[in-house]
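Undergrad: Got a structure for you, written out below as structure tokens; questions coming shortly.
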Amino acid sequence: MLVPVMVAMWASACGAEAATSVEVRVPDGPHPCVFLTPDELDAMRARAGSLDWAKPIREKTLQAADSLVAATLDIPHEGGQWSHWYSCKKDGGRLKAESPTRHVCTVCGEVYTGWPYDQVYVASRHRHWLGGIESLGLAYALEGKQEYADRAREILLTYASFYETLAKHDVRGNKGRSGGRLLAQTLDEATTLCETCVGYDLLYDAPCFSEADREAIADHLLRPMVSTIREHPAGISNWQSWHNAAVASAGFVLRDAALVDWAINDPENGFLMQMDKSVLDNGMWYEGAPSYHWYALSAHLYLLEGAARAGINLYAIPAVHRMFDGPMEQLFPDGTFPAINDSGRSSIQGVRSLYEVAYRRFADPNYAQFLTPRDSVWALLWGVDTVPDTGGRALHLATSNSRAQGLAVLRDKANETAIFFDYSQRHGGHIQPARLGIILYAHGDERLVDPGRLPYGNPMHGGWYRQTLAHNTVVVNQASQGGAPGEFKEFQAESDWALARATCPGAYEGVTLDRTVFLCGGLIVDVFQCAAQAAATFDLPLHWHGELDGLPAGAAVEALGDANGYQYLKDIRRLDGPVPGFDVKTGEDTAI
């Protein structure tokens, strides 16, 4: 088992919630020293050779490294483009590269060529080769084959030979502050640099690297990448989380305390500021989307792990621990997350590599239930040898309400039904215009669904997914909501029932939206009241996951509108009069 590091100077360890700065130090002694110590390296090798769960990870890592060694080194000497351009404009389908200049929709077969698709392929090669340094470094640490270090040296020196010649460019090909050199965003440059630093730390002392090689890699690749990233300070955002992680990782590897100090202590952009400003009281990331919670937390772990081996115990910050606890309040009964805001539906098992680190650092038994199967590189790097058998116990989920996030989760006593009521945060960034929207899980699956997202470069993402019509809330005069947040009014929860109420007086000028949701056993009461100062048209879209059964065909209706999502409604039919088998006065299903 890996040994925890000693606590450095930290105000939170003495009871304060946040410190404004910590004493920065960098590791000394031979590499690896940033993401593994020599003792940890020995323990990892022992795990990989003896434990049943670790052996397949070892083999997969070696296979990846062997492929990198055997492949032709096709590193493009040009900048790449934004991955969010890489989807079909017709149906949102994922594109597949049949060649560097031919990109085919996996749904409809449409072929795309030229800018930006060819440049997205270029970016994928940069991520493949520089990101591959992590695989080569881990394989070298496991096996010690010189060919892994030789290929890594070749990759790093190739990039060092031309990185500084590349022009900065953003996602539209312009020279903007957010642009990278290899990639189209400082964000993407930072994520790649983190992976590179993990591998380089493991390879640093390999015999094939001369001192001149190390100087070239430091002065013409790592430090210039850091400079590119630092030209775009991004404050509390997930971008800055990756910026901090990348700058700190490079700082630890290069033993540059000034870089580490900036990444941790900078008052406007540093990690400590982010823990104070970006994490809500319930532990969730401020951007209101599960995918961005995990995205930011993944970045923090690079910084946290590097800092720990330098004797800086940032895990003592309460907000760090809360970031692992908060998501456990926002799961469906099946352990998945709803597609809130700019997220897709996902499982907490999909981020088990993060909980590998959390379980090792906090030894919280609640985290152990998320670790199976143990199949990630992070489990091999930073996990414990064995975890307790959780016995397949059911998730313990309770009704909750976070006024900071503006999200109430109502659950029945049997943990079979859950209602997510989104009532607060201001629309913007990755928060979609869906105030007072609800999502329903019942009968083993999501029933009232939120749309989630498409790649952001796809016109349907803005045209449908980020329109109020795509959500389960009221639309006024066929327009999407403005940026006003909702207002909390009431929340009550007892053992067998729960209720939440909120209003939104500013989403539409002169209109107040007022919704109350009540759950008791299998009964759901949803009261939506709308008050307007002038005549208005109110639509209440409800997006059901399921098949319509027993309804009459209804009369066909022409398009309801040509903007704000209405242009995407197809096969519209109007149903007038009573619904067969349903009494609209009593709400009872008369077909039973």
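Undergrad: Take the alpha carbon gyration tensor of the range 365-440, find the square roots of its eigenvalues, order them as a ≥ b ≥ c, and report rounded if a/c is under 1.5; if not, report prolate when a/b exceeds b/c, else oblate.
TA: Note, shape of the range 365-440 comes out oblate.
Undergrad: Here's another thing I want to ask about it. If you line up the long axis of helix 186-203 against the longest principal axis of the chain, both from Cα atoms, how many degrees apart are they, to the nearest 10?
TA: Helix 186-203 and the main axis of the chain meet at about 40 degrees.
Undergrad: Let me ask something else. Rounded if a/c is under 1.5, else prolate if a/b is larger than b/c, else oblate: which is the range 406-545, with a ≥ b ≥ c the root eigenvalues of its Cα gyration tensor?
TA: oblate
Undergrad: Still on this model: Of the peptides 504-514, 489-499, how do they stack up when ordered by the mean number of other Cβ atoms within 10 Å, highest first?
TA: Top to bottom by mean Cβ count within 10 Å: 504-514, 489-499.
Undergrad: Rounded to the nearest 500 deg cm²/dmol, what is the calculated helix-only ellipticity per residue at 222 nm for the chain, with -39500 (n - 2.57) per DSSP H run of length n ≥ 4?
TA: Taking each H run of at least 4 residues, the total per residue is -10000 deg cm²/dmol.
Undergrad: ASP562 label point, 7 Å along Cα→Cβ, cut-off 13 Å on backbone N: hits in the range 437-465?
TA: What the label zone holds, given the 13 Å backbone N cut-off, is no residue at all.
Undergrad: Can you tell me how much longer the chain between ASP276 and ALA363 gets when fully stretched, taken as 0.36 nm per residue apart minus their C-alpha distance, in nm with one decimal?
TA: Length gained, ASP276 through ALA363: 28.9 nm.
Undergrad: Roll a 1.4 angstrom probe over the protein heavy atoms and tell me the percent of accessible area of the chain that is carbon or sulfur.
TA: Carbon with sulfur: 51 percent of the solvent-accessible area.
Undergrad: I've got another one for you. In nm, give the distance between the simple-model label positions of ALA212 and LYS175, each being 7 Å from the Cα along the Cα-to-Cβ direction.
TA: Taking the two extended label points, one gets 3.3 nm.
Undergrad: Restricting things to alpha carbons, tell me how big the chain is in terms of Rg and Dmax, in Å.
TA: For the chain, the Cα-based Rg and Dmax read 26.0, 83 Å.
Undergrad: Now for a different question. Can you work out the accessible area per residue across the chain, with the rest of the protein chains kept in place, probe 1.4 Å, in square angstrom?
TA: For the chain, the solvent-accessible area averages 42 Å² per residue.
Undergrad: How much of the calculated P(r) for the range 405-476 lies past 17 Å, in percent of all Cα pairs?
TA: When all Cα pairs of the range 405-476 are counted, 48 percent exceed 17 Å.
Undergrad: Contour minus end-to-end for VAL111 and ALA484, with contour as 0.36 nm per residue of separation and end-to-end as the Cα-Cα distance?
TA: Extending this stretch completely gives an extra 130.2 nm.
Undergrad: At 7 Å along Cα-to-Cβ for each site, give me the label-to-label distance between ASP205 and THR390 in nm.
TA: The answer from the label model is 3.8 nm.
Undergrad: Rounded, prolate or oblate for the range 290-432? Axes are the square roots of the Cα gyration tensor eigenvalues, ordered a ≥ b ≥ c, and the cut-off for rounded is a/c under 1.5.
TA: It is oblate, given that a/c is not under 1.5 and a/b is not larger than b/c.
Undergrad: Enumerate the amide H contacts of SER347 below 5 Å, restricted to partners 5 or more residues apart or on another chain; note that Pro and chain-start residues carry no placed amide H.
TA: Long-range HN contacts for SER347: PHE337.
Undergrad: Separation between the GLU78 and LYS145 pseudo-spin-labels, each 7 Å from Cα along Cα→Cβ, expressed in nm?
TA: Each label point is offset 7 Å from its Cα along the Cβ direction, giving 3.3 nm.
Undergrad: What ranking do 359-371, 167-179 get when scored by the average of other Cβ atoms within 10 Å per residue, highest first?
TA: 359-371, 167-179
The values are calculated or read from the model by the stated rules, or taken from the named source; none is laboratory data. Because the structure is a prediction, the values reported are computed rather than measured. All Cβ positions, glycine included, derive from the backbone under ideal geometry; neighbour counts span all protein chains shown. We work out accessible area using only protein heavy atoms, side chains counted, and drop any ligands, DNA or RNA first. Shrake-Rupley method; radii C 1.70, N 1.55, O 1.52, S 1.80 Å.
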